[in-house]
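Q: Questions regarding the structure given below will be posed in turn.
We did not get these values from a lab; they are worked out from the coordinates using the rules stated. Bear in mind the structure is a predicted one, so any value in this text is a computation, not a measurement. Note: ideal-geometry Cβ built from the backbone for every residue, glycine included; neighbour counts use all protein chains shown.
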Amino acid sequence: MPDEPSVYGERGIPTVINAVGTHTRVSGSLIREGAVEAMVRASREFVHLADLQAYASGLIAEVTGAEAGLVTDGAAAGLTMSAAACMAGNDYAIMNRLPHTEGAANEIVIPRAHRNQYEVAFRAAGAELVGVGLNKLGAPGGREDVEPWEIENAIGDATAAVAYVDGPENRLALPEVVEIAHANDLPVIVDAAAELPPTSNLTRYVEEGADLVAFSGGKSIRGPQASGIIAGRKDLIASAAVQMLPSGVDAAVWDPPAELIDADDFPGMPRHGIGRPMKVGKEELMGLVRALELFVEEDDREVVGEWNARARHVAESLAGVEGLDPELTNPNDPDAKSSVVVGVDEERAGVSALELVRALHAEDPRVFVGESRVHQGAFTVDTQNLTDDEADYLVDRVRANLG
Ligand SMILES: *Cc1c(COP(=O)(O)O)cnc(C)c1O
C-alpha cells in the first residue's frame, strides 16, 4: 500500500492485496525498481531488436549454462515458441504454415500428470499433445504416475518433442526422460515457469539435459509481467528467434546477429512467423535483462526467509481467532517457501471458507487469498507478494469478515 497516489485509484480501479502468489490474474509480482529504471531508459533510444535479443541470449546463456536464450512474451509464449522451434527447425515452409502442421512432425509427448491449463501454449503453435501414463501422482496400478516405457512407446515418426512440466509435486526424474528422448533424437521442452527460487534451478534443467526450458520473467524474477525466457540449444533458439522477430524488408540487407541466428543455417530472409503476435518490445527486453541480473545476485535463503517470517506472523495472528485454524506448510525447511493454510470452521467462524474468500474479493482494496482448498473448508495465504503492513491489513480484513 504505497503512500503516493495510485494510478489505479485515480481512475477508480480497485487495487489488490495479493496473498495468492505470483498469479497473473492478480498481476503476478511487483517489478524490481532497477528493472523499471532500465525500461524507462530503454524507452528513450532506438535499438535493433535482434541486437537486443542477441545480448539477452548471451546473458541467459551465462546464467543458465545453456548455449543460447530468447526473451519471450511470458513463459507461456516461450512454450509456444519452443513447440514451433521443435516442429519447424529451419524449414521455412513449415514455419510459414504454422499453426497448421501438414508435413511436419507435430506431436508432443507429455506425461498426463504434467498436463495443466498452460498446455494451450503448445497447441497454439499447432502441436498435438499425446498424453502418457496416469493422470494422478501415486495412483494405484503404477510405480509412478508414468513409467519410462510409456514415454518410449508413445514416440513415433510424428513426434516432435517430449514435454516435461516441473512443479513441487513432480516425481518423474528429468534425466530419465532426457535419456529416452535423446535416444530417439528428440528434444525435451521443460516448463519451469514458476520453479524459481531456488536460483539453482536456472542451471539445473539444462544440466540435466533439457533442450529448451521456459521460465516466467514476471514471477519471482520480478521482471516485466509480460516477459519470460527460454534457454537451450542454439539451433532451437535460432528457430524460435526467426519465428518471433520481425522480418526485414529486403533480403539483401537481412543481417541477423550471428550469435543468435546464423543466417547460413536458413534459406534466406524469413517471413513473419507464429511468434510475431507475441512480440517483446525493447522496454520489456531491457526490463527482463536487468531483473535477471538482479535476481541472480540475490541470496535465496534470505529472500525465502523473509517470506516465511511473514507467513509465521500471519499464522500466529490468526491462531487465536475463533473458528480459524492456521497451519504452515514446510515449517521446518529454511529453503522451502511456507504458506499458511487456514481452516475455517463454518459453525464457529460464522462464515464458510468460500463466503470468506468472496467477501475478501469485495473489499477495497480487493483482498485475494488462495482459493485452491476452498471446497475443503480452507483458504491459503502466500506471503511472497505482501509487505508486513499488508499482511497485518489482511489479518484485519479476515477478522472483520467473520460472522
Ligand atoms: C505461470 C506458469 C506459466 C505461464 O507463465 P507466464 O510467464 O505467465 O506466461 C506456464 N506454466 C506454468 C507451470 C506456470 O506456473
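Q: Hey, could you check the stretch 223-235 for residues that are surrounded by 24 or more Cβ atoms within 10 Å (Cβ to Cβ) and closer than 26 Å to Val20 by Cβ and say which is nearest to the ligand (Cβ to nearest atom)?
A: Gly228
Q: Considering only residues of the stretch 339-371 that are of a type in the set (Gly, Ala, Ser) and within 23 Å of Pro14 (Cα to Cα), which is nearest to the chain's Cα centre (by Cα)? Show your work before the answer.
A: Taking the stretch 339-371 and keeping what is of a type in the set (Gly, Ala, Ser), we get 339, 343, 349-350, 352-353, 359, 362, 370.
Next, only the ones that are within 23 Å of Pro14 (Cα to Cα) stay: 353, 359, 362, 370.
Numbers: Ala353: 28, Ala359: 29, Ala362: 28, Gly370: 18 Å.
The selected residue is Gly370.
Q: Look at Ala210 and say whether it is part of a loop (DSSP other than H, G, I, E, B) and either surrounded by fewer than 24 Cβ atoms within 10 Å (Cβ to Cβ) or within 14 Å of the ligand (Cβ to nearest atom) (or both).
A: Answer is no for this residue.
Q: Only one of Glu144, Glu128, Glu102 is in contact (Cβ under 8 Å) with a residue 12 or more places away in the chain, more than 30 Å from Ala54 (Cα to Cα), out of contact with any strand residue (DSSP E or B) (no Cβ under 7 Å at 6 or more places or on another chain) and of a type in the set (D, E, K, R). Can you tell me which?
A: The conditions single out Glu144.
Q: Quick check on Val178: is it more than 16 Å from the ligand (Cβ to nearest atom) and farther than 19 Å from Ala336 by Cβ?
A: Against the criterion (more than 16 Å from the ligand (Cβ to nearest atom) and farther than 19 Å from Ala336 by Cβ), Val178 qualifies.
Q: Based on this model, can you work out whether Val369 counts as part of a strand (DSSP E or B) and either in contact with a Ser or Thr (Cβ under 7 Å, 6 or more places away or on another chain) or farther than 21 Å from Val26 by Cβ (or both)?
A: Considered against the rule, which asks whether it is part of a strand (DSSP E or B) and either in contact with a Ser or Thr (Cβ under 7 Å, 6 or more places away or on another chain) or farther than 21 Å from Val26 by Cβ (or both), Val369 comes out as yes.
Q: Then there's this: Could you tell me whether any residue of the stretch 215-231 is touching a helix residue (DSSP H, G or I) at 6+ places or on another chain (Cβ under 6 Å), over 15 Å from Ala121 (Cβ atoms) and assigned to a strand (DSSP E or B)?
A: Checked against the condition, which is being touching a helix residue (DSSP H, G or I) at 6+ places or on another chain (Cβ under 6 Å), over 15 Å from Ala121 (Cβ atoms) and assigned to a strand (DSSP E or B), the stretch 215-231 yields at least one hit.
Q: Please give the number of the condition Val342 fails out of (1) closer than 25 Å to Leu196 by Cβ; (2) not in a helix (DSSP H, G or I).
A: (1)
Q: Go through (1) within 24 Å of Asp166 (Cβ to Cβ); (2) in contact (Cβ under 8 Å) with a residue 40 or more places away in the chain for Met286 and report which single condition fails.
A: Here Met286 meets the rest and fails (1).
Q: Still on this structure, I have one more. Can you tell me which residue in the stretch 184-207 is nearest to Val165 (Cα to Cα), limited to those that are more than 10 Å from the ligand (Cβ to nearest atom) and among the acidic types (Asp, Glu)?
A: Among residues in the stretch 184-207 that are more than 10 Å from the ligand (Cβ to nearest atom) and among the acidic types (Asp, Glu), the one nearest to Val165 (Cα to Cα) is Glu207.
Q: Ok, one more. Considering only the stretch 372-380, I want to know if a residue exists there that is part of a strand (DSSP E or B) and more than 20 Å from Gly28 (Cα to Cα). If you could, list the steps in order and put the result at the bottom.
A: First, the residues of the stretch 372-380 that are part of a strand (DSSP E or B): 378-380.
When the remaining residues are screened for being more than 20 Å from Gly28 (Cα to Cα), the result is 378.
Yes, because at least one residue in the stretch 372-380 is part of a strand (DSSP E or B) and more than 20 Å from Gly28 (Cα to Cα).
Q: Oh, and also: May I ask you to list the residues in the stretch 117-133 that are within 12 Å of the ligand (Cβ to nearest atom) and within 22 Å of Glu150 (Cα to Cα)? Show your work before the answer.
A: Keep residues of the stretch 117-133 that are within 12 Å of the ligand (Cβ to nearest atom), which gives 117-122, 124.
Those that are within 12 Å of the ligand (Cβ to nearest atom) and within 22 Å of Glu150 (Cα to Cα): Glu119, Phe122.
Q: Ok, one more. Select from the stretch 61-86 the residues that are within 15 Å of the ligand (Cβ to nearest atom) and of a type in the set (A, V, I, L, M) and write down the one among them that is surrounded by the fewest Cβ atoms within 10 Å (Cβ to Cβ).
A: Ala76
Q: Within the stretch 54-75, which residues are in a strand (DSSP E or B) and over 14 Å from Met244 (Cα atoms)?
A: Ala68
Q: For the condition of a type in the set (Gly, Ala, Ser) and buried (at least 20 other Cβ atoms within 10 Å of the Cβ), what is the one hit in Ala105, Ala121?
A: When all the criteria are applied, what remains is Ala121.
Q: Condition first: of a type in the set (A, V, I, L, M) and not in a loop (DSSP other than H, G, I, E, B). Now tell me which residues in the stretch 257-284 satisfy that. Show your work before the answer.
A: Here is the first cut: in the stretch 257-284, the ones of a type in the set (A, V, I, L, M) are 258, 260-261, 263, 269, 274, 278, 280.
Result: Ala263, Met278.
Q: Among Arg312, Arg301, Arg271, which is the only one that is surrounded by fewer than 24 Cβ atoms within 10 Å (Cβ to Cβ) and either in contact (Cβ under 8 Å) with a residue 40 or more places away in the chain or under 23 Å from Arg97 (Cα atoms) (or both)?
A: Arg271
Q: From the list Gly343, Gly323, Gly350, which residue is surrounded by 13 or more Cβ atoms within 10 Å (Cβ to Cβ) and more than 20 Å from Asp392 (Cα to Cα)? It would help to see each step written out before you state the result.
A: On the way: Gly343 fails: more than 20 Å from Asp392 (Cα to Cα); Gly323 fails: more than 20 Å from Asp392 (Cα to Cα).
Residue meeting the stated conditions: Gly350.
Q: Could you tell me whether Val242 is among the hydrophobic types (A, V, I, L, M, F, W, C), away from the ligand (no atom under 16 Å from the Cβ), part of a helix (DSSP H, G or I) and surrounded by fewer than 24 Cβ atoms within 10 Å (Cβ to Cβ)? Give the derivation first.
A: Numbers: among the hydrophobic types (A, V, I, L, M, F, W, C): yes; away from the ligand (no atom under 16 Å from the Cβ): yes; part of a helix (DSSP H, G or I): yes; surrounded by fewer than 24 Cβ atoms within 10 Å (Cβ to Cβ): no.
No.
Q: I need a count of the residues in the stretch 361-395 that are farther than 20 Å from Trp307 by Cβ and either touching a helix residue (DSSP H, G or I) at 6+ places or on another chain (Cβ under 6 Å) or not small (Gly, Ala, Ser) (or both). Spell out the reasoning first.
A: The first filter runs over the stretch 361-395 and keeps only residues farther than 20 Å from Trp307 by Cβ, leaving 361-366, 374-377.
Then keep just the ones that are either touching a helix residue (DSSP H, G or I) at 6+ places or on another chain (Cβ under 6 Å) or not small (Gly, Ala, Ser) (or both); that gives 361, 363-366, 374-377.
Counting residues in the stretch 361-395 that are farther than 20 Å from Trp307 by Cβ and either touching a helix residue (DSSP H, G or I) at 6+ places or on another chain (Cβ under 6 Å) or not small (Gly, Ala, Ser) (or both) gives 9.
Q: Right, here's the next one. (1) of a type outside the set (Gly, Ala, Ser); (2) surrounded by fewer than 14 Cβ atoms within 10 Å (Cβ to Cβ); (3) within 16 Å of the ligand (Cβ to nearest atom); (4) touching a residue at least 12 places away in the same chain (Cβ under 8 Å): which one isn't true of Lys279, the others all being true?
A: (2)
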